[in-house]
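Student: Structure provided below as structure tokens; questions to follow.
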2 protein chains.
Amino acid sequence: MSTSSSLSDGSSTRKIPSLPDGYILRSLEENDFNNNLIPVLKTLTTVGDVTKEEFANLYSEWIANSHVYNPLVITNREGKVVASGMLIVESKLIHKCGKVGHIEDIAVDLSEQGKKLGLILIKNLVELARLKNCYKVILDCDAKNTGFYEKCGFSQEGIEMGFRF
Amino acid sequence: MSTSSSLSDGSSTRKIPSLPDGYILRSLEENDFNNNLIPVLKTLTTVGDVTKEEFANLYSEWIANSHVYNPLVITNREGKVVASGMLIVESKLIHKCGKVGHIEDIAVDLSEQGKKLGLILIKNLVELARLKNCYKVILDCDAKNTGFYEKCGFSQEGIEMGFRF
């Protein structure tokens, strides 16, 4: 029997593929710092030398603001983090005080490719945004990754502009 | 003498153009709800019928989470809101627990075009992000508006993908 990855109740799985046997989707935990989280994130971008104390402070900020920050991970049979991603929920005035979900920092362990972990993670983050009453979810990606996000049900909405200090 | 719009100290105005005489840049206040804020936002998108109580609840959430939400407005000589915009500060794990600023919901009163209010607002939101130690600021826009944001110092970074419920 495969482990369900859906955040919704059994009556509404919304076609999220199952995780491989023994893989689990769950909220980030503080001891994931020493559980392959940093190597997974390093597949995405620069992480830098983050100390355990710096991570603990950040984790505390995320937990204290769980109405905003929703970090999820997927672990493998050994319980090791093999994928991670964040849903940020923004409370707006427009759209009748609507909420928008922002998906950030999706990373999958290079040795775990081909198991649809990225797609399963994205679909669960979208489902979580729906449960939190967001009217839409947005994310920014490289042009080369738009096809992947289209498979996840997304459409191109605009251009990401950036200003770096 | 023109009113300065810079959020930085006098030694570091970072080339932000001055506002017209009598115009002021400041944080959003609760009584701006009845001070042209909603008509300004309606130039941007659907706002819907937001009650004073709903706005008060949202404003309280923004104030209680001022480490995340930074709503700014520009008022004219009569003290009326003529432009508004939001800076959201996101605390990340990547980039050595770096912070990213997200600019959202920039709106300028149609009758106040041609005074560079949009550019002044954006530059001040960027300066605020710098003061809050963000390593970059990002925003999403329609392809037709990239030229305006390039004038504000931004470059194209990626594609915005969206999923609507």
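Student: Is it the case that B:Arg77 is among the basic types (Lys, Arg) and outside any helix (DSSP H, G or I)?
Tutor: Yes.
Student: Just give me the residues in segment B:58-99 being in contact with a Gly (Cβ under 9 Å, 6 or more places away or on another chain), among the β-branched types (Val, Ile, Thr) and within 26 Å of A:Phe33 (Cα to Cα), in sequence order.
Tutor: The answer is B:Ile88, B:Val89, B:Ile94.
Student: Out of A:Ile38, A:Ile94, which single residue is more than 13 Å from B:Leu93 (Cβ to Cβ) and either at pLDDT 95 or above or surrounded by 14 or more Cβ atoms within 10 Å (Cβ to Cβ) (or both)?
Tutor: Among A:Ile38, A:Ile94, only A:Ile94 is more than 13 Å from B:Leu93 (Cβ to Cβ) and either at pLDDT 95 or above or surrounded by 14 or more Cβ atoms within 10 Å (Cβ to Cβ) (or both).
Student: In this structure, does B:Ile38 turn out to be closer than 19 Å to A:Phe163 by Cβ, aliphatic (A, V, I, L, M) and either part of a loop (DSSP other than H, G, I, E, B) or within 12 Å of chain A (Cβ to nearest Cβ) (or both)?
Tutor: So B:Ile38 fails the test.
Student: Identify all residues within segment B:45-58 that are exposed (fewer than 14 other Cβ atoms within 10 Å of the Cβ) and of a type in the set (A, V, I, L, M); write none if there are none.
Tutor: B:Ala56
Student: Something else: Can you name the residue in segment A:90-110 that is without any contact (Cβ under 8 Å) to a residue 24 or more places away in the chain and outside any strand (DSSP E or B) and is also nearest to A:Asn70 (Cα to Cα) among such residues?
Tutor: A:Lys92
Student: Select from segment B:41-66 the residues that are part of a loop (DSSP other than H, G, I, E, B) and within 9 Å of chain A (Cβ to nearest Cβ) and write down the one among them that is nearest to B:Ile106 (Cα to Cα).
Tutor: The extreme case among them is B:Leu44.
Student: Give the number of residues within segment A:101-128 that are within 8 Å of chain B (Cβ to nearest Cβ) and among the hydrophobic types (A, V, I, L, M, F, W, C).
Tutor: 1
Student: Does segment A:112-144 hold any residues that are surrounded by fewer than 16 Cβ atoms within 10 Å (Cβ to Cβ) and modelled with pLDDT of 95 or more, and which are they?
Tutor: Correct list: A:Leu131, A:Lys132, A:Asn133, A:Asp142, A:Ala143, A:Lys144.
Student: Which count do you get for residues in segment A:147-165 that are within 7 Å of chain B (Cβ to nearest Cβ) and surrounded by 16 or more Cβ atoms within 10 Å (Cβ to Cβ)?
Tutor: 10
Student: Further, regarding this structure: For segment A:116-165, what are the residues that are among the hydrophobic types (A, V, I, L, M, F, W, C), in contact with a helix residue (DSSP H, G or I) (Cβ under 8 Å, 6 or more places away or on another chain) and assigned to a helix (DSSP H, G or I)?
Tutor: A:Leu119, A:Ile122, A:Phe148
Student: Let me ask another. Mind checking which residues of segment A:14-34 are surrounded by fewer than 19 Cβ atoms within 10 Å (Cβ to Cβ) and assigned to a loop (DSSP other than H, G, I, E, B)?
Tutor: Answer for segment A:14-34, where residues must be surrounded by fewer than 19 Cβ atoms within 10 Å (Cβ to Cβ) and assigned to a loop (DSSP other than H, G, I, E, B): A:Arg14, A:Lys15, A:Pro17, A:Ser18, A:Pro20, A:Asp21, A:Gly22, A:Glu29.
Conditions tested, residue by residue: (1) of a type outside the set (Gly, Ala, Ser); (2) touching a Pro at 6+ places or on another chain (Cβ under 9 Å); (3) under 19 Å from A:Tyr23 (Cβ atoms).
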position: A:Ala83; (1), (2), (3): no, no, yes
position: A:His95; (1), (2), (3): yes, no, no
position: A:Ala107; (1), (2), (3): no, no, yes
position: A:Val137; (1), (2), (3): yes, no, no
position: A:Ser155; (1), (2), (3): no, no, no
position: A:Gly162; (1), (2), (3): no, no, no
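Student: Going by the structure shown, is B:Leu87 without any contact (Cβ under 8 Å) to a residue 40 or more places away in the chain and in contact with a helix residue (DSSP H, G or I) (Cβ under 7 Å, 6 or more places away or on another chain)?
Tutor: no
Student: Would you be able to say whether some residue in segment B:67-86 is surrounded by fewer than 20 Cβ atoms within 10 Å (Cβ to Cβ), over 15 Å from B:Asp105 (Cα atoms) and at the interface with chain A (Cβ under 9 Å from one of its Cβ atoms)?
Tutor: yes
The values are calculated or read from the model by the stated rules, or taken from the named source; none is laboratory data. None of the values given here were measured: they were computed from a predicted structure. When we count neighbours, we look across all protein chains shown, and the Cβ atoms used for this are built from the backbone with ideal geometry, even at glycine.
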